[in-house]
Amino acid sequence: MNIYIYDKTFDGLLTAVFDAYFRKTFPDELLSEGDALPLFYDELHTVVTDEEKAARVWRGLQKKVSSSALGCLTQSWLSELPEVGMLIFRYIRKAIDSPRSIETNFADPDVLQLAQIWKKVDGERVHLMQFVRFQKAADGTFFAAFEPQFNALPLTVHHFKDRFADQKWIIYDMKRRYGFYYDLQEVTTISFDDDSRESHLITGMLDESLMDKDEKLFQQLWKTYFKAICIKERINPRKHRQDMPVRYWKYLTEKQR
């Protein structure tokens, strides 16, 4: 059994592919530093992430599969599932070795599983755009928090920048403790820690003292509207949870008491 140790980054994964072809030995398992090693293995190789090697692998892939298939790879990587690294590695190896494109060969279990993961991550991207609830701060910045199942927040940045181009905003992943800030010019990655002056945002909700003077009123109007359009006789909790996953309720204005 061959083991490769890498840094759990996408560039690190592509570098592992490069190393495997260069060494002519392919890993049976991809692990990160600190992971428990199998009791028995033949070879252990530590991958040193190299952007140039990663770029060469990516350019090679561009000749083998379509841009949509490449997007599927990067989007599936954001699932952060334990097996996704090895899955993408096998997919890339098959794509490189095959004389024709493998991206629609769903009889291959790796191609099928990767397509299923992509669908889940893309569904999370759509949910983030559907269930965003911005709160307006006193300085005019709009703040929204999420706890997505997958790391899909980067996939929504273009949408929010285009949709709210005339507003300063922050979208924040509470689970992974990072987000994006748009200042009307560019989007930057941000992170709040417990000791920062923005630490109150870690709760995901603005303190009332920091809200815009009309924000509380608009929140109450939204709750009233939400309650008014609800037809009691047609309430279907199961369908409601299916269409609006419970993990999003914590940051929905209409769900706040």
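The values are calculated or read from the model by the stated rules, or taken from the named source; none is laboratory data. Not measured: the values here are computed from a predicted model. Glycine also receives a Cβ, built like all others from the backbone with ideal geometry; neighbour counts cover every protein chain displayed. Just so you know, the surface numbers come from the protein's heavy atoms only, side chains and all, with ligands and any DNA or RNA stripped out. Shrake-Rupley method; radii C 1.70, N 1.55, O 1.52, S 1.80 Å.
A few points about this structure:
- Only helices enter the 222 nm calculation for the chain: every DSSP H run of n ≥ 4 contributes -39,500 (n - 2.57), and dividing by all residues gives -12500 deg cm²/dmol, rounded to 500.
- Shown here are the Rg and Dmax of the Cα trace of segment 14-102, at 13.5, 40 Å.
- Nearest-20 debye value, the chain charge dipole, Cβ charges on Lys, Arg, Asp, Glu: 1340 debye
- Between Pro38, Pro27, Pro109, the GNM of the chain built on Cα springs shorter than 10 angstrom shows Pro38 fluctuating the most.
- Taking the protein heavy atoms of the chain in the context of the full set of protein chains, the accessible area attributed to carbon and sulfur is 52 percent at 1.4 Å.
- According to the calculation over all Cα-Cα pairs in segment 29-182, the P(r) per 5 Å bin from zero is 2, 8, 15, 16, 15, 15, 13, 9, 5, 3, 1, 0, 0 %.
- Principal-axis analysis of the Cα atoms of the chain puts helix 51-62 at an angle of about 90° to the longest axis.
- Between Tyr178 and Val157, the modelled label-to-label distance comes to 0.9 nm, taking each label 7 Å out from Cα in the direction of the beta carbon.
- Extended-chain gain in nm, criterion 0.36 nm per residue less alpha-carbon gap, Leu112 and Arg56: 17.6 nm
- Choice from Leu155, Leu39, Leu112 showing the highest fluctuation, given a GNM over the chain with Cα pairs closer than 10 Å: Leu39
- Computed from Cα atoms, the angle from the helix 10-23 axis to the main principal axis of the chain rounds to 0 degrees.
- Solvent exposure of the chain, expressed per residue, is 59 Å² of accessible area, with all protein chains present and a 1.4 angstrom probe.
- Equivalent ellipsoid dimensions for the chain as semi-axes, Å, which come from the Cα gyration tensor, largest first: 41, 21, 17
- Once the Cα atoms are used to define both axes, helix 109-130 deviates from the longest principal axis of the chain by about 20 degrees.
- Label reach from Thr189 (point 7 Å along Cα→C-beta): in segment 137-156, amide nitrogens under 18 Å belong to 146, 148, 150-156.
- Separation between Cα centres of segment 120-155 and segment 1-32, rounded to whole Å: 33 Å
- √(5λ) per eigenvalue of the Cα gyration tensor, segment 113-183, largest first, Å: 24, 12, 9
- Under a Gaussian network description of the chain, with springs only between Cα atoms under 10 Å, the residue in Lys239, Lys168, Lys64 that fluctuates furthest is Lys239.
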